[in-house]
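Report on the following structure.
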Amino acid sequence: DAGVTQSPTHLIKTRGQHVTLRCSPISGHKSVSWYQQVLGQGPQFIFQYYEKEERGRGNFPDRFSARQFPNYSSELNVNALLLGDSALYLCASSLVTGRGNQPQHFGDGTRLSIL
Amino acid sequence: DAKTTQPPSMDCAEGRAANLPCNHSTISGNEYVYWYRQIHSQGPQYIIHGLKNNETNEMASLIITEDRKSSTLILPHATLRDTAVYYCIVRVVNAGNMLTFGGGTRLMVKP
């Protein structure tokens, strides 16, 4: 069975540009969450989406936005890129919104480098 | 979500059991304990979770103390491929999908 897939795997951008990262959840999973992992630290929660609506948001600026499509795939958009946005961006999917104890399953991420 | 405390690093000999401790002394009654691991350059991998009973699956066992203030993840026969950062996370039921990752334990399995 296919796991969570993310694209692209690697990306290089310059300051001020914008970027779009994509995620396809595990088949049947309707909830998608995004995390940022800076080198040497644990992942930090950015967004959760379920049924195309934002259900949770972490402490990130408005330059970060996301959306979910009818097929439950998702995009993370970051505008006006800063050097500090260089990180591994992880997508995770789960069966439901988080009610109960359904675990999240992660993709291998998109490594974004800002020059 | 309750805060967790884990040792920053541990070593284990290949073939031996790896016992990874986690302290969550402020855990509340509706919080589950989750364990994930992250192998270099990969996304976190779900291992196991539990509420108050001990749990076992094909990857590991989770032992939760009776007062639920600490837990231990046991890898019964560690291999070199188990070398990774292991994260212990507590999460409130019905609180959405947010997982709060701490620093984790870097487990080094040595031949």
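Residues in the stretch A:6-20 include none that are more than 28 Å from A:Leu115 (Cβ to Cβ) and either surrounded by fewer than 18 Cβ atoms within 10 Å (Cβ to Cβ) or within 14 Å of another protein chain (Cβ to nearest Cβ) (or both).
Which is more than 13 Å from the chain's Cα centre (by Cα) and away from chain B (no Cβ under 14 Å), of A:Phe69, A:Phe64? If you could, list the steps in order and put the result at the bottom.
Working: A:Phe64 fails: more than 13 Å from the chain's Cα centre (by Cα).
Of the residues listed, the single one that is more than 13 Å from the chain's Cα centre (by Cα) and away from chain B (no Cβ under 14 Å) is A:Phe69.
Among the residues of the stretch B:85-100, those identified as more than 7 Å from every other protein chain (Cβ to nearest Cβ) and either at pLDDT below 85 or crowded, with 22+ Cβ neighbours inside 10 Å (or both) are B:Tyr86, B:Cys88, B:Ile89, B:Val90, B:Arg91, B:Val92. When B:Lys3 is tested against (1) touching a Lys or Arg at 6+ places or on another chain (Cβ under 8 Å); (2) at pLDDT below 95, just one condition goes unmet, and that condition is (1).
Residue-wise test of (1) over 28 Å from B:Thr105 (Cβ atoms); (2) assigned to a loop (DSSP other than H, G, I, E, B).
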site	(1), (2)
A:Gln17	yes, yes
A:Asn59	no, yes
A:Asp62	yes, yes
A:Tyr72	yes, yes
A:Glu75	yes, no
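Scanning the stretch B:65-82 for residues that are acidic (Asp, Glu) and in contact (Cβ under 8 Å) with a residue 60 or more places away in the chain yields one hit, B:Asp82. Is it the case, given these coordinates, that A:Gly109 is facing another protein chain (nearest Cβ under 8 Å) and within 29 Å of B:Thr5 (Cβ to Cβ)? Yes: the conditions hold for A:Gly109. Entry remark, the stretch A:25-42: residues being outside any strand (DSSP E or B), touching a residue at least 60 places away in the same chain (Cβ under 8 Å) and at negative phi number 4 in total. Hey, does the stretch B:59-66 have a residue that's of a type in the set (Gly, Ala, Ser), surrounded by 18 or more Cβ atoms within 10 Å (Cβ to Cβ), modelled with pLDDT of 95 or more and touching a Gly at 6+ places or on another chain (Cβ under 8 Å)? Within the stretch B:59-66 (the criterion being of a type in the set (Gly, Ala, Ser), surrounded by 18 or more Cβ atoms within 10 Å (Cβ to Cβ), modelled with pLDDT of 95 or more and touching a Gly at 6+ places or on another chain (Cβ under 8 Å)), the answer is no, since none of the residues qualifies.
When B:Gly15 is tested against the conditions (1) at negative phi; (2) in contact (Cβ under 8 Å) with a residue 40 or more places away in the chain, the lone failure is (1). Here B:Arg106 meets each of (1) part of a strand (DSSP E or B); (2) closer than 30 Å to A:Arg57 by Cα; (3) out of contact with any Phe, Trp or Tyr (no Cβ under 9 Å at 6 or more places or on another chain); (4) not aliphatic (A, V, I, L, M) with one exception, condition (3). Check A:Pro103, A:Pro61 and return the single one that is without any contact (Cβ under 8 Å) to a residue 24 or more places away in the chain, farther than 19 Å from B:Val90 by Cα and out of contact with any Gly (no Cβ under 9 Å at 6 or more places or on another chain). Matching residue, one of A:Pro103, A:Pro61: A:Pro61.
For A:Gly98, the requirement of being away from chain B (no Cβ under 14 Å), at pLDDT below 95 and assigned to a loop (DSSP other than H, G, I, E, B) is not met.
Within the stretch B:28-64, if we keep just the residues that are assigned to a loop (DSSP other than H, G, I, E, B), touching a Leu at 6+ places or on another chain (Cβ under 8 Å) and at the interface with chain A (Cβ under 9 Å from one of its Cβ atoms), the residue that is farthest from A:Arg111 (Cα to Cα) turns out to be B:Pro44.
The values are calculated or read from the model by the stated rules, or taken from the named source; none is laboratory data. Note that the structure is predicted; figures quoted are calculated from it, not measured. Cβ atoms come from the backbone with ideal geometry, glycine included; neighbour counts cover every protein chain shown.
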